[in-house]
């Protein structure tokens with residue numbers, strides 16, 4: 001049972017990374033990913049999770065920029 005939790009965690013991390021890759025590198029927009037790329041993230045994630053990942057990424061970018069301004 002413990003191994004399944006670790007595998008599930010790893011699979012979820014990979015799916016999150018894939019969603020961010022589609023958004024940032026492949027330049028797909030979030031509605032497109034949420035509706036038409038479900039096969040690449042389903043099982044571990046759903047379309048609401050894709051939107052949440054997008055919102056958290058936007059927040060991270062804001063914090064990263066603020067850190068850069070404060071350091072320099």
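Annotations for the structure displayed:
- Distance between segment 54-69 and segment 9-30 - C-alpha centres, whole angstrom: 17
- Equivalent ellipsoid, the chain (semi-axes from 5 times Cα gyration tensor eigenvalues, Å): 25, 18, 9
- For the chain, the longest principal axis of the alpha carbon atoms and the long axis of helix 2-24 meet at an angle near 50°.
- Rounded tilt (10° steps) of 47-71 against the dominant C-alpha axis of the chain: 30
- With a simple spin-label model that places each label point 7 Å from the Cα along the Cα-to-Cβ direction, the separation between residue 9 and residue 27 comes to 3.7 nm.
Quick note: the coordinates plus some simple rules give every number you see, no bench work behind them. Nothing here was measured: the structure is a model prediction, and the numbers come from that model. In this analysis, Cβ positions are derived from the backbone assuming ideal geometry, glycine residues included, and neighbour counts consider all displayed protein chains.
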